[in-house]
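No value in this document is a laboratory result; all are computed from the given coordinates. The shown structure was predicted, so the numbers you read here are calculated from the model rather than taken from an experiment. Neighbour counts run over all protein chains shown; Cβ positions are idealised from the backbone, glycine included.
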Amino acid sequence: MIDVYNNAGTESYGCFKHLKAAKPMLKRLGEAGVQSVTVSSFRGRNLVRVYRVLIGEGCRIIKMPQLTPTPTPAA
């Protein structure tokens, strides 16, 4: 499963089974002027990878340094 959100991490664009399933949404975002999004890839409940996708004529994945999830403070 992947979660797609803006680069600031403040707005989620949705959860999808895989990147191919998110292509229509990425196309709409590109038409709206969004240049890139951040994608978190999960296996089960575990975060596996975080990467950036450039939106243009096609989708291009940009390699990012390995990001570990930051611990959230207890409420």
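A cut-off under 11 angstrom between Cβ atoms defines the neighbours of Met1, and their net charge, with Lys, Arg +1 and Asp, Glu -1, is +2. The stretch between Cys15 and Met1 holds 4.3 nm of extra length on full extension. This uses 0.36 nm per residue minus the Cα-Cα distance.
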